[in-house]
Amino acid sequence: MSSSLDSYLVLSGLLFSIGTFGFLARRNAISMLMSIELMLNAVNLTIIAFGAFEQPLHVHASVIALIVIAVAAAEATVGLAIVIAIYRNKKTPLVDEYDSMSE
Amino acid sequence: MTALLPLIPILPLGGFVLTGLLGRRYPDDAHRIAVWAVVASWVVASIVAVMALLHASPFGTGGAGITLWTWIPANGFANGFNASMGLFVDPLTACLLIVVTTIGMLVHVYSIGYMAHDPGRWRFFAYLNLFMFSMLTLVLADNFLLVFAGWELVGLCSYLLIGFWYPRRSAAVAAKKAFLVNRVGDMGFALGIMAIWTQLGTLNMQAVFARFGSVPHEWQIAIALLIFCGAVGKSAQFPLHVWLPDAMEGPTPVSALIHAATMVNAGVYLVARCNPIFGAAPEVMVVVAAIGIFTAILAASIAFTQTDIKRVLAYSTLSQLGYMFASLGVGAWTAAIFHLMSHGFFKGLLFLDSGSVIHSVDGEQDMRKMGGLARKIPITYATMLVGSIAIAGVPPLAGFFSKDEILGRAFKNGFLWVWAIGFVVAGMTAFYMFRLMGMTFWGPSHVDPEVEHHIHESPRSMTGPLVLLAIPAALLGLAIGFPPETGLLHQWLAPVFASTIAASGHTEAAYNFFGIDGALAIGTTALVAVAIVLAWRFFGVEIPALGLRAQPRPDQVRALSARQGLSLLYKGSFNKWWFDDINNKLFVEWGGRVAAAAFWFDRTIVDGTVNGIGTVTAGAGMRLRRVQTGRVQNYALGIALGLIVMAAGYLYLAVR
């Protein structure tokens, strides 16, 4: 474990950026959901890092991280269900072919 | 007794509804319901009128009414505006009831024969019944709002009946003209009613009259002027007189009923009914007298040269209505109602006669194509002669008494100018009436030879009403107007006008046979006699029973009308003093230009603005909808960019 807060923040920033890039660039719906998980976990890492280095935030950070994990689980469930439903309809996981709402 | 009142208007209303609904299916019997409805209404109205005229209970001298229901409840409007559906009868109403229902009934009977061959006769009778309902509502109403409703309804009926033969363009145009010109006056009347409401907070006539003294004087003048404005429109006084002659495009019974005997009298009735209002505004009385007497001489001068038999009578009606207004203006209220009644009967008679003449010569209305009809249609001729003598003012027929009373009152109440003009008009009236008689009935025939051999007297349903109308035209004056100024009519109407006359300060001096009144009567009669003899000299006469016989002298008429100085007068009279041309120029042409400009402004500026906003919005929408691609990653990119911008902004602010 590094003794510097900055290294954690840099790591989580990198993770968040990778997640964002993946969400915007990948066309596969499943990959996009995975990118979302990546972003959520980057945020979680930030929170936990702050909790570990800042004594007053110690307990709060753990609680918030747990809540984020719970929400992420729920989000992943619903998101996957939607993706599967769309997949059954469209026979494709590619989001740029989900364009029936334009025009 | 007052429970009978609603029956009077409701009977013709029922007739209208039934005739209107069933008439098309039974065209041959279309007149039956309508005629009987009016006869029944006449019976009820006669009973009511006689009771009211005799000041019998429950009418007494002040009249009595009945409130049927609350028309507009007071809690409906914030300012408590309210009106009741109420009918009211006093001696003045009774006089009008007699004129309206009697002439209305006779005209209905006459129409059976006159309209016998018209395919739309069921429509005609339905309209006539609707008119009777409207006119009776107007007369019986106890508040101004109901009067106004009746006022508009008679205007509507007038429109429908003038335009009865609507395929004929001139009829349709005349109907529209009458309606539009009437609107001008009605506007004033409506404003007057509003003014009454704002000043007194009630529209009930008796309440208004009782409290009118408390209104500020400027408002008294304004209200009187506005009400008179309505009367000017409906009674076709200068400058709104132009519609009445054109209204002759309607069937002749309509001209007799609406445009001679009843509706055009509504204005006179209204002013007489509102005598406490006008009595409180003596300035307006002078205006009334001036407009009345000016219309009288203006219309009489036009009647001199018209060649259409009905138009001569129409201008004569204008002139006589002018007399009535002059009479109201000088404070001779009873004389005005007297003239209204006698004029209703003899002018109704004259119009029905003219209809009979037109009927007999196959629809020809030009008097230059008549002549010598006296022997061929004797009943029409005899009754029309009675009517002409009556309107000319030959004693002892009805017109003499009523006209003499007006002139005498004008003279004695100090309106010498009214008297002087009225005196001249009396002579003119006699002249143009006997010009009409001469051109139509006497002298050589100018009838189309093809029509000539089947000239026939009208059927009995037409001649019957003529004879029945000739009786009051001849005897009404003696019956209710004699002795002058103390006759029956004056006794009947005295309570209606008593307080106004008392307040005006005109002394009701006793009628003096051997003084000023006798002298005035003799003077008028002499002038009338001269005028009649002159008319005989120019246009011929032929009454064998009296040994009168003179050939018409068309050469003299031509020479006289072409003489220097007179020719301009002749042209003016012939062209109705160019009023129609002035109106055409002023309102149709210039008004049309204003309307065209307004139309352009509306189309380009107003509509342009509205449409422009619409176009811009729609165009913007068309372009902006491309932003909504429906692809989730585009939106996500938007969110990410937004986030970056916000973060950058925050960092920028935090670092600085």
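The values are calculated or read from the model by the stated rules, or taken from the named source; none is laboratory data. Since the model is a prediction, treat every value here as computed from it, not as a measurement. Methodologically, a virtual Cβ is constructed for each residue, glycine included, from the backbone with ideal geometry; neighbour enumeration extends over all protein chains shown.
Answer yes or no as to whether A:Met34 is in contact (Cβ under 8 Å) with a residue 12 or more places away in the chain and more than 14 Å from chain B (Cβ to nearest Cβ). So that I can check it myself, show each step before the final result.
Numbers: in contact (Cβ under 8 Å) with a residue 12 or more places away in the chain: yes; more than 14 Å from chain B (Cβ to nearest Cβ): yes.
So A:Met34 fits the description; yes.
Return the residues of the range B:282-326 that are closer than 19 Å to B:Val357 by Cβ and of a type outside the set (Val, Ile, Thr); say none if nothing qualifies. First the steps, then the outcome.
Taking the range B:282-326 as the starting set, the residues that turn out to be closer than 19 Å to B:Val357 by Cβ are B:303, B:306-317.
Listed by number, the residues that qualify are B:Ala303, B:Gln306, B:Asp308, B:Lys310, B:Arg311, B:Leu313, B:Ala314, B:Tyr315, B:Ser316.
In the set A:Ala42, A:Ala70, which member is within 14 Å of chain B (Cβ to nearest Cβ) and under 16 Å from the mean Cα position of the chain (by Cα)?
Numbers: A:Ala70 fails: within 14 Å of chain B (Cβ to nearest Cβ).
After ruling out the rest, the residue left standing is A:Ala42.
For the range A:45-67, give me each residue that is more than 23 Å from the chain's Cα centre (by Cα) and either within 14 Å of chain B (Cβ to nearest Cβ) or of a type in the set (S, T, N, Q) (or both).
Within the range A:45-67, A:Gln55 is the sole residue that qualifies.
Going through B:Gly630, B:Gly638, B:Gly614 one at a time, which residue ends up being small (Gly, Ala, Ser) and away from chain A (no Cβ under 13 Å)? Give the steps one after another, and end with the answer.
On the way: B:Gly630 fails: away from chain A (no Cβ under 13 Å); B:Gly638 fails: away from chain A (no Cβ under 13 Å).
Just one listed residue meets the conditions, B:Gly614.
From the list B:Arg656, B:Arg593, B:Arg625, which residue is basic (Lys, Arg) and within 14 Å of chain A (Cβ to nearest Cβ)? Walk me through it before giving the result.
Numbers: B:Arg656 fails: within 14 Å of chain A (Cβ to nearest Cβ); B:Arg593 fails: within 14 Å of chain A (Cβ to nearest Cβ).
None of the others qualify; the one that does is B:Arg625.
Yes or no: B:Met205 surrounded by 19 or more Cβ atoms within 10 Å (Cβ to Cβ), within 13 Å of B:Phe144 (Cα to Cα) and not aromatic (Phe, Trp, Tyr)? Steps first, please.
Numbers: surrounded by 19 or more Cβ atoms within 10 Å (Cβ to Cβ): yes; within 13 Å of B:Phe144 (Cα to Cα): yes; not aromatic (Phe, Trp, Tyr): yes.
Yes.
Are any residues in the range B:520-536 crowded, with 17+ Cβ neighbours inside 10 Å and either without any contact (Cβ under 8 Å) to a residue 40 or more places away in the chain or of a type in the set (D, E, K, R) (or both), and if so, which ones?
none
So which residues in the range A:76-92 are touching a helix residue (DSSP H, G or I) at 6+ places or on another chain (Cβ under 7 Å) and closer than 24 Å to A:Asn41 by Cα, if there are any at all?
Selection gives A:Ala76, A:Gly79, A:Leu80, A:Val83.
So which residues in the range A:73-103 are within 14 Å of chain B (Cβ to nearest Cβ), surrounded by fewer than 13 Cβ atoms within 10 Å (Cβ to Cβ) and of a type outside the set (D, E, K, R), if there are any at all?
Selection gives A:Ile82, A:Leu94, A:Ser100, A:Met101, A:Ser102.
Which residues, counting only those in the range B:376-396, are part of a loop (DSSP other than H, G, I, E, B) and either within 24 Å of the chain's Cα centre (by Cα) or farther than 20 Å from B:Pro465 by Cα (or both)?
Our first condition is that a residue be part of a loop (DSSP other than H, G, I, E, B); within the range B:376-396, this holds for B:376-377, B:393-396.
Those that are part of a loop (DSSP other than H, G, I, E, B) and either within 24 Å of the chain's Cα centre (by Cα) or farther than 20 Å from B:Pro465 by Cα (or both): B:Gly393, B:Val394, B:Pro395, B:Pro396.
Can you report the number of residues in the range B:619-637 which are modelled with pLDDT under 90, in a helix (DSSP H, G or I) and surrounded by 10 or more Cβ atoms within 10 Å (Cβ to Cβ)?
7
Scanning for something part of a loop (DSSP other than H, G, I, E, B) and surrounded by fewer than 24 Cβ atoms within 10 Å (Cβ to Cβ), does the range B:420-435 turn up at least one residue? Working first, answer last.
At the first step, the residues of the range B:420-435 found to be part of a loop (DSSP other than H, G, I, E, B) are none.
Checked the range B:420-435: no residue is part of a loop (DSSP other than H, G, I, E, B) and surrounded by fewer than 24 Cβ atoms within 10 Å (Cβ to Cβ).
Go through the residues of the range B:580-597 one by one and say whether even a single one is touching a residue at least 24 places away in the same chain (Cβ under 8 Å), closer than 30 Å to B:Pro245 by Cβ, in a helix (DSSP H, G or I) and among the basic types (Lys, Arg). Give the steps one after another, and end with the answer.
Step one: list which residues in the range B:580-597 are touching a residue at least 24 places away in the same chain (Cβ under 8 Å), which gives B:580, B:583.
Now narrow it down to the ones that are closer than 30 Å to B:Pro245 by Cβ: B:580, B:583.
Filter again for in a helix (DSSP H, G or I), leaving B:580, B:583.
Filter once more, keeping what is among the basic types (Lys, Arg): none.
No: the range B:580-597 contains no residue that is touching a residue at least 24 places away in the same chain (Cβ under 8 Å), closer than 30 Å to B:Pro245 by Cβ, in a helix (DSSP H, G or I) and among the basic types (Lys, Arg).
List pairs: first residue in the range B:562-578 and within 25 Å of B:Leu240 (Cβ to Cβ), second residue of a type in the set (A, V, I, L, M, F, W, C) and at pLDDT 75 or above anywhere in the structure, Cβ distance under 7 angstrom, at least six positions apart or on different chains.
Short answer, once both residue conditions are applied: B:Ser573/B:Ile302; B:Ser573/B:Phe304; B:Lys576/B:Ile302; B:Trp577/B:Leu298; B:Trp577/B:Ile302.
Which condition number in (1) modelled with pLDDT of 90 or more; (2) surrounded by fewer than 20 Cβ atoms within 10 Å (Cβ to Cβ) is the one that B:Gly387 fails?
(2)
For the range B:148-258, which helices (runs of 4 or more DSSP H) that fit wholly inside it have 1 or more residues that are touching a residue at least 12 places away in the same chain (Cβ under 8 Å), closer than 21 Å to B:Val284 by Cα and β-branched (Val, Ile, Thr)?
Details: elements: B:169-200, B:205-211, B:217-234, B:243-246, B:252-256.
Passing ranges, in order: B:169-200, B:205-211, B:217-234.
Which residues, counting only those in the range A:66-93, are farther than 17 Å from A:Ile36 by Cβ and among the hydrophobic types (A, V, I, L, M, F, W, C)?
A:Leu66, A:Ala85
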